[in-house]
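Here is the structure we will look at, set down as structure tokens.
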Amino acid sequence: MKLNNKIILSLILTNGAILFNSCEKFVELGAPPTQVGVGEAFASDASANSVVRGLYTAAVGTITTPNMSNMTTFYTGIAADDLQYNATDANIAEFASNSLLNTNSFVATLWGNLYQLIKNANNAIAGLEKSSTLTPTVKDQLLGEAKFFRAYAYFYLVNLYGDVPLQLREDIYAIDDATLSRAASQLVFDQILSDLKDAESKMLSTYDASASPRARANKAAASALLARVYLYQKDYQNAEAYATKVLQSADFGMPTPDKNFQNASNEVILQLGTLTGVTTFGLNYITASTAIPNYTLPDAVFETFETSPTIDLRKTNWVTEKTVSNKKYYAVSKYKVASGSGAEYHVLLRLAEQYLIRAESRAKQNNLNGARADIDVIRSRAGLAGVNSNTTQAQLLTAIETERLHEFFGEYGHRWLDLKRTDRATAVLSPIKSNWQATDVLFPIPQAQILSNNKLTQNPGYEN
């Protein structure tokens, strides 16, 4: 559906967030006093910046309700083996038992939140591209940020659901795009790479000095996500190259495990800020001494940390033992603040991942010495000795898988996605998951979406 240039796209600004209304809310008589027309929203650097700032607000959501950070972390964690679910919500328990129904409300909420972020990014990209009044460097930076978020949302959609509709147009095409069929995963990955490359070329190398610490995407954030995407695509040469770009920067370092999740940490590449400095992770992982956290580290994972000849500092700094009603639980304590005010944000990208991306890429290219050197950076930070110099390629890849589990448990679905991309899910999860089926590596397409769009098909294993 095309509309003429006089139609106004409603952009409601609330605390910097931009909520894009559906096609039915378009009006032809000008924007009401509480709304801003598209032309006005992208007429000045300040107003355009507000639009893009809204993408961050939409991404972090409200820490007490389902949001992108907790849904891509908690649900994937219990679907894998790096988180244990201790509460009683039946919909969440379906993730833990790998018995998801296509009507699961949280599967639908996750899908909806990711597509809402894409919708907001599409509208921002369209408005920015049409604007002729913005300062060129500002326009490029904002376009880069919007494309970064579109790529980030599609990264989770394609990895969690497989083939998904590839929606790239603004809201004036909402009715047409409502009946898009599923695009092949490779096309989605190609779009992710295209967006990130464009974002990297446009964004500044420095961080926005007016924003909270490292809370706005820059060139390094795009490079870091590109390294991850290339790894997932098994393009090890490019994965190594983009990880190296980030690792060579003097902006980043590897602070000790007791400090690396503080919002001033120089390990942070990109984080989502909150007004209070309290995260959804602290809220869900930390409880009073007599309360059981909703999500804890499974006993089996806790036991895999090294303790001799030295103890893994990640075990002592990121896990807290607590006993409730004579039962021991292992609370995830990467984030230390659960309420009030603090100095922690949601860390989307951090430097440790880049070392492990490069280690895996080098190992896959048979550069075993280079791979060992990168693994040893991670192990040294954890207070551990380096890997044996005689370690084979297969042993190195196993060591990297273990280091990724110990480094990223309870963070943004790394473990679930690692098991899926390496085809290790069935081997690792079937012995500990009584309901496991190979098709469980994808979540179901929400049934409500299929009912409203007859061009969508369901993933295998979820047809009924």
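The values are calculated or read from the model by the stated rules, or taken from the named source; none is laboratory data. Owing to the predicted nature of the structure, the values given are computational and were not obtained by experimental measurement. Glycine gets a Cβ as well: all are built from the backbone with ideal geometry, and neighbour counts include every protein chain shown.
Things worth noting here:
- All of Thr256, Thr244 fail the test of being among the polar types (S, T, N, Q) and either closer than 20 Å to Thr73 by Cβ or outside the structural domain of Phe408 (by TED's automatic domain parsing) (or both), apart from Thr244.
- In segment 385-421, the residues that are assigned to a helix (DSSP H, G or I) and charged (D, E, K, R): Glu401, Glu403, Arg404, Glu407, Arg415, Asp418, Lys420, Arg421
- Against the test of being of a type in the set (Ser, Thr, Tyr), farther than 20 Å from Asp82 by Cβ and more than 24 Å from the chain's Cα centre (by Cα), the options Ser380, Ser361, Ser339 yield a single qualifying residue, Ser380.
- In segment 208-221, the qualifying residues are those that are closer than 18 Å to Gly273 by Cα and modelled with pLDDT of 95 or more, and the one that is surrounded by the most Cβ atoms within 10 Å (Cβ to Cβ) is Ala217.
- Segment 119-169: number of residues that are of a type in the set (S, T, N, Q) and over 30 Å from Leu456 (Cα atoms): 6
- Among the residues making up segment 284-328, those that are of a type in the set (Ser, Thr, Tyr), surrounded by 15 or more Cβ atoms within 10 Å (Cβ to Cβ) and in contact (Cβ under 8 Å) with a residue 60 or more places away in the chain are Tyr285, Tyr295, Thr296.
- Going through (1) free of Cβ contacts under 8 Å to residues at least 40 places away in the same chain; (2) under 21 Å from Ile375 (Cβ atoms); (3) of a type outside the set (A, V, I, L, M, F, W, C) one by one, Thr256 falls short only on (1).
- Check on Asn91, outside any helix (DSSP H, G or I), within 27 Å of Ile432 (Cβ to Cβ) and not aliphatic (A, V, I, L, M): no
- Note on segment 422-437: residues that are more than 19 Å from Ala93 (Cβ to Cβ) and assigned to a helix (DSSP H, G or I) amount to 4.
- Look at (1) assigned to a loop (DSSP other than H, G, I, E, B); (2) out of contact with any strand residue (DSSP E or B) (no Cβ under 7 Å at 6 or more places or on another chain); (3) not charged (D, E, K, R) and you find that Leu166 fails only one, number (2).
- Residue within segment 80-97 that is within 19 Å of Tyr462 (Cα to Cα) and in contact (Cβ under 8 Å) with a residue 24 or more places away in the chain present: yes
Listed here are the residues, each with its yes/no results for (1) outside any loop (DSSP other than H, G, I, E, B); (2) in contact with a strand residue (DSSP E or B) (Cβ under 9 Å, 6 or more places away or on another chain).
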position: Ser194; (1), (2): yes, no
position: Ala222; (1), (2): yes, no
position: Lys234; (1), (2): no, no
position: Val246; (1), (2): yes, yes
position: Gly253; (1), (2): no, no
position: Thr290; (1), (2): no, yes
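- Between Gly39, Gly30, the distinction of being in a helix (DSSP H, G or I), surrounded by fewer than 17 Cβ atoms within 10 Å (Cβ to Cβ) and modelled with pLDDT under 95 belongs to Gly39 only.
Okay, residues lined up against (1) closer than 18 Å to Arg228 by Cα; (2) polar (S, T, N, Q); (3) in the same structural domain as Phe106 (by TED's automatic domain parsing); (4) modelled with pLDDT of 95 or more:
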{"site": "Lys130", "(1), (2), (3), (4)": "no, no, yes, yes"}
{"site": "Asp140", "(1), (2), (3), (4)": "no, no, yes, yes"}
{"site": "Ala153", "(1), (2), (3), (4)": "yes, no, yes, yes"}
{"site": "Leu168", "(1), (2), (3), (4)": "no, no, yes, yes"}
{"site": "Tyr173", "(1), (2), (3), (4)": "no, no, yes, no"}
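- You will find that of Tyr236, Tyr156, Tyr230, the residue that is surrounded by 21 or more Cβ atoms within 10 Å (Cβ to Cβ), of a type outside the set (A, V, I, L, M) and farther than 22 Å from Asn120 by Cβ is Tyr230 and no other.
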